[in-house]
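Structure first, then comments.
The values are calculated or read from the model by the stated rules, or taken from the named source; none is laboratory data. Nothing here was measured: the structure is a model prediction, and the numbers come from that model. Every residue, glycine as well, gets a Cβ built from its backbone with ideal geometry; the counts of neighbours run over all protein chains shown. Heads up: the accessible areas ignore ligands, DNA and RNA and are worked out on the full protein's heavy atoms, side chains in. Shrake-Rupley method; radii C 1.70, N 1.55, O 1.52, S 1.80 Å.
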Amino acid sequence: MDSVAFQDAVMTGLATDGGLLLPERLPDVRDRLSAWRDLSYSELAFEVIRLFATDIPDADLRTLVDKSYDSFRHPEVSPSVAVGDLYILELFHGPTLAFKDVALQLLGNLFAYILEQRGGCLNILGATSGDTGSAAIHGVRGKKNINIFVMHPAGRTSPIQEQQMTSVLDENVFNLAVEGTFDDCQSIMKTTFADLPFKQMHSLGAVNSVNWARVLAQMVYYFYATFDVQKRSGAAAVRFSVPTGNFGDILAGYLAQQMGLPIEQLVLATNENDILTRFFHTGVYGKAAVVPSISPSMDIQVASNFERYLFYQMDQDGDRVRAAMKQFSQEGRLEISVDESGVVDPLFIAGRGATAETLEVIKRYEEQFDYLLDPHTAVGVWVAEQHPASVPTICLATAHPAKFTQTMEQAIDRSVHHPILDALDGVPTRCDSIANDRDLVQQYLVEHI
Ligand SMILES: *Cc1c(COP(=O)(O)O)cnc(C)c1O
């Protein structure tokens, strides 16, 4: 694979060989950490992103970053709140109340900026297990020369998640309810992107975390939260607990660690769909059937960013990664060697929290601390609790609990509200149903572009 400039990486999504893009080299930022400690979120985002976005002039990048984080309802963008023995990193203060906004507000503005410079148009094809879709739609709704097509698994997102997407009636927004699972949607997306003539003819772009800019934007809050918690606790290092589906969010933490941020441990938390937990326990990455859970944004058995991690795990040997991914696509399984003690990677602790654990944690945090965890965040808290550490633990809160009303009611016997979501009640929606079939989806695209 040849090298690709940052703007091209943003526009192209997947590499031309079907693989995922990564920076050629990760900068070592240890000598900058002290200068970055007291920056605001936007200032820090600018400093981190400019290390990679080398083909965007500083003044333009600053404007893009400021504009992206102005849409957040909290002045700190992503505050860390002390709750019991943990810090909860609230990533849900963006327009659609999930952590996806942090990257997708920026990505939407990057798309618009690059199209302004270069001309042309972009047709975004995305797949969502619930939160990416609405965040991506809100990132580009009404933007000139951009259409967005979002596939979600019919009936498998929460009703509110569906409403957040389908209630956006801008002409450039198309919602597709696919008769299948999220993995089916993601597979239609990936094979459509792999069809290069189709992709080029229709100027397709990606908003899923296969897009490098998303992972990059997510690195910022690991830096921001580490500095904040270091200042408040006096600790030299921290650890993060991350509820995981596609390995996108936690990959950002991994890369920040590789760049020199003092992260002592990454707690990888899955629900019943635990392919990643099994991998970190055994070295075997083996596909299983997707089980619907109460943390639906993590109901994933093929984690699209996992191959980016494999690249580092396999000593940055692209050929080995390609061979492993090929084996996985043929056999649904790949295996890496583990050391004598059976440890795949000492940086990661993995665990799973299923329905009972998730509900128990939500109830306990409400009773003890009067703090509401959403079901995804609760999985991360549960797994962190199972593995106590000597450094402060920062649990990523990936969504606002009001997005998952039914589960919250089940856990704490009352409903949870947010004015943004209450305002969706009864508004008109627009969505088309479609079979789980790549050709039909491609035909739909061609007809609506
Ligand atoms: C997307 C999502 C996750 C999983 O993030 P990945 O990057 O796919 O690992 C977890 N929680 C919520 C609320 C999400 O929307």
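Out of A256, A237, one residue alone is at pLDDT 95 or above and in contact with a strand residue (DSSP E or B) (Cβ under 6 Å, 6 or more places away or on another chain). It is A237. Could you say whether any residue in the stretch 366-382 is in contact with a Leu (Cβ under 9 Å, 6 or more places away or on another chain), more than 19 Å from S293 (Cβ to Cβ), of a type in the set (S, T, Y) and assigned by TED's automatic domain parsing to the domain that holds F247? No. From the list A350, A389, A356, pick out the single residue that is touching a residue at least 40 places away in the same chain (Cβ under 8 Å) and either over 19 Å from D299 (Cα atoms) or open to solvent by 20 Å² or more (accessible area, probe 1.4 Å) (or both). Within the list A350, A389, A356, the selection yields A389. A Cβ distance below 8 Å, combined with a sequence gap of six or more or placement on separate chains, defines the contacts here; from the stretch 133-148, residues that are open to solvent by 50 Å² or more (accessible area, probe 1.4 Å) reach residues that are part of a loop (DSSP other than H, G, I, E, B) and among the acidic types (D, E) in the pairs R141/D170; G142/D170. Does A135 satisfy the criteria of being outside the structural domain of V220 (by TED's automatic domain parsing), closer than 14 Å to V173 by Cβ and within 13 Å of the chain's Cα centre (by Cα)? It is true that A135 is outside the structural domain of V220 (by TED's automatic domain parsing), closer than 14 Å to V173 by Cβ and within 13 Å of the chain's Cα centre (by Cα).
Residues in the stretch 120-160 that are within 15 Å of the ligand (Cβ to nearest atom) and part of a loop (DSSP other than H, G, I, E, B): T128, S129, G130, R156, T157, S158.
For the stretch 150-161, a tally of residues being surrounded by fewer than 24 Cβ atoms within 10 Å (Cβ to Cβ) and either among the small types (G, A, S) or under 30 Å from L115 (Cβ atoms) (or both) returns 3.
Starting from the stretch 367-382, take each residue that is at positive phi and list its partners that are open to solvent by 10 Å² or more (accessible area, probe 1.4 Å) and modelled with pLDDT under 95, counting only C-beta distances under 9 angstrom and pairs at least six apart or across chains. Sorted first by the residue in the stretch 367-382, then by its partner, the list stays empty.
Step by step: first the residues of the stretch 366-382, then only those that are more than 19 Å from the chain's Cα centre (by Cα) and within 16 Å of the ligand (Cβ to nearest atom), then the one that is nearest to S158 (Cα to Cα). Which residue is that?
As a first pass, look at the stretch 366-382 and keep what is more than 19 Å from the chain's Cα centre (by Cα): 366-372, 382.
Retained after the next criterion (residues that are within 16 Å of the ligand (Cβ to nearest atom)): 372, 382.
On the way: L372: 18, W382: 22 Å.
Within the stretch 366-382, the match that is nearest to S158 (Cα to Cα) is L372.
On inspection, Q117 fails the criterion of being within 16 Å of the ligand (Cβ to nearest atom) and surrounded by fewer than 24 Cβ atoms within 10 Å (Cβ to Cβ).
Scanning the stretch 92-103 for residues that are out of contact with any Pro (no Cβ under 9 Å at 6 or more places or on another chain) and within 16 Å of V215 (Cα to Cα), which turns out surrounded by the most Cβ atoms within 10 Å (Cβ to Cβ)? Per the stated criteria, the residue is K100.
Kindly indicate whether R333 is over 29 Å from P153 (Cβ atoms), away from the ligand (no atom under 16 Å from the Cβ) and at pLDDT 95 or above. Spelling it out, it is not the case that R333 is over 29 Å from P153 (Cβ atoms), away from the ligand (no atom under 16 Å from the Cβ) and at pLDDT 95 or above.
Name every residue in the stretch 24-40 that is closer than 21 Å to S78 by Cβ, under 25 Å from the mean Cα position of the chain (by Cα) and open to solvent by 70 Å² or more (accessible area, probe 1.4 Å), in order of residue number. The answer is R37, and nothing else. Every residue in the stretch 62-107 that is among the small types (G, A, S) and within 13 Å of the ligand (Cβ to nearest atom), please. Hits for the stretch 62-107 are G94, A98, A103.
Has the stretch 166-176 got any residue that is surrounded by fewer than 20 Cβ atoms within 10 Å (Cβ to Cβ) and of a type in the set (F, W, Y)? So far as the stretch 166-176 goes, no, none of its residues is surrounded by fewer than 20 Cβ atoms within 10 Å (Cβ to Cβ) and of a type in the set (F, W, Y). Number of residues in the stretch 78-91 that are open to solvent by 10 Å² or more (accessible area, probe 1.4 Å) and within 17 Å of A252 (Cα to Cα) equals 1. Is the stretch 57-70 home to any residue that is surrounded by 16 or more Cβ atoms within 10 Å (Cβ to Cβ) and not in a helix (DSSP H, G or I)? No, there is no match, as no residue in the stretch 57-70 is surrounded by 16 or more Cβ atoms within 10 Å (Cβ to Cβ) and not in a helix (DSSP H, G or I).
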